[in-house]
1. Who wins for biggest fluctuation among Gly49, Gly152, Gly253 in a Gaussian network model of the chain, springs between alpha carbons below 10 Å?
2. Rolling a 1.4 angstrom probe over the protein heavy atoms, how many square angstrom per residue are accessible across the stretch 26-77?
3. Quick check: the distance between the Cα centres of the stretch 13-73 and the stretch 159-236, to the nearest angstrom?
4. Per the Kirkwood formula on distinct C-alpha pairs, the Rh of the chain is how many angstrom?
5. Using DSSP loop states and a limit of at most 13 other Cβ atoms within 10 Å to flag chymotrypsin sites (Phe, Trp or Tyr not before Pro), what is the longest stretch of the chain containing no flagged site?
6. Using the alpha-carbon atoms, what tilt in degrees (0 to 90, nearest 10) does helix 158-174 show relative to the longest principal axis of the chain?
7. Given an 8 Å cut-off on Cα distances and at least 6 residues of separation, report the relative contact order of the chain as a percent.
8. Considering only protein heavy atoms and a 1.4 Å probe, what is the carbon-and-sulfur percentage of the accessible area of the stretch 16-152?
Amino acid sequence: MTTLAASVTDIRFWSAPDHTRVVLDLTEPIQYESYSQETPPQCYLEFKGTTLLTEKRKMKVNDRYLLTMSLTEVERGKVRLVLHQTRHLIVNIFPLKPYLDKPHRLAIDLVDVGQEKKEEEDRKKQKEVRPKGTKIVVIDPGHGGEDPGAIGPKKTMEKNIVLKVGEKIVHLLNQHQEIQAFLTRKGDYFIPLEARIKVAREYGADLFVSLHTDGSFNPHAKGSSVYSLSLSGATDEAAKVLADKENMSNVLGGAFLRPVSITKDPNLNQILLDLMQNNSLKESFRFAEYLLADIKDVNHLKYPYYRQANFIVLRAPDIPSVLVEMAFVTNTGDERLLNQNEFQDKMANTLFTSIKRYFRP
Ligand SMILES: [Zn+2]
């Protein structure tokens with residue numbers, strides 16, 4: 001008799017432009033065997049010593065890559081997950097560690113490698129076709145998919161607010177003749193932190209802004225703050241704690257570590273890299289000062305100066321990069337503001353103003 005060690009307690013999916021991610025919630029880590037077939041395109045996973053503790057058995061997905069997913073207990077202690085695909089896809093399966101309220105999880109990425117490549121090439125093309133003098137700004141809405149970011153008392157999720165404001169900023173910037181703006185993520189799915197930098201570099205970004213809303217166990221903590229990278233330790237303990245928390249995004253959201261070539265370009269020598277990094281940092285500080293000066297007209301500043309810590313997402317050596325915490329989603333007043341279209345517009349306008357100032361000092 002097999003011992004029933006693990007249970008599947010939930011199943012969900014996230015649709016990205018180049019892949020669909022299926023996630024199982026588990027009471028324990030599980031062993032699996034996976035099989036793929038081409039006609040009809042589908043993949044299935046089998047789990048031994050596992051039971052089903054979810055009512056979700058057959059789900060319609062109908063996104064670009066997945067038609068349906070079904071969970072069945074084929075015999076006592078043996079669960080099968082069948083994913084009916086729209087086309088042949090590469091399957092990457094990896095466990096996600098428990099963190100905060102997230103249990104053990106298993107992520108199954110169904111990746112369209114052709115589409116992934118195409119998007120990368122499209123981004124690189126933008127760099128070549130831009131009119132001379134055009135500045136490229138990449139706005140990075142933090143979190144997404146499995147990683148909701150901070151959550152407010154009214155269940156407002158950071159990932160949704162930052163996407164809305166990000167879209168507004170990009171819209172404003174793209175009305176400006178000399179600026180072109182792009183988002184790292186266009187929907188509710190997760191992008192690993194290192195991959196966000198990669199996207200920015202493919203676009204040839206002149207400026208990178210990562211958008212966030214803060215969270216705290218202290219419900220009274222409120223206000224906006226601005227951060228840049230530090231290579232030599234954080235400004236203070238609170239900045240370090242924040243960077244650690246933002247960096248946990250990879251654990252929550254699920255970073256499948258495929259080799260991403262960011263700083264390890266063999267053509268770049270270390271001296272050149274240091275020079276670029278120094279210049280990018282200086283420029284990040286200049287932009288951070290503009291942001292603080294402008295944001296204080298829209299919201300109370302938590303700190304009157306920018307602070308520094310080791311944020312993974314700000315590590316591009318050649319792109320000035322800043323992280324903005326727009327307000328505390330965990331504070332009742334700030335949460336209400338963050339949900340207001342008017343406040344979102346004001347915040348987007350403020351960032352737009354600062355970005356314009358940055359390029360025309
Ligand atoms: Zn965040």
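1. Gly49
2. 63 Å²
3. That distance is 31 Å.
4. 21.7 Å
5. 1-216
6. Roughly 50 degrees between the two axes.
7. Computed value for the chain: 17 percent relative contact order.
8. Carbon and sulfur together cover 51 percent of it.
The values are calculated or read from the model by the stated rules, or taken from the named source; none is laboratory data. Just so we're clear, the structure is a prediction, and the values are computed from it rather than from any experiment. All Cβ positions, even for glycine, are placed from backbone atoms using ideal geometry, and neighbour counts span all protein chains on display. Heavy atoms of the whole protein, side chains included, go into the accessibility calculation; ligands, DNA and RNA do not. Shrake-Rupley method; radii C 1.70, N 1.55, O 1.52, S 1.80 Å.
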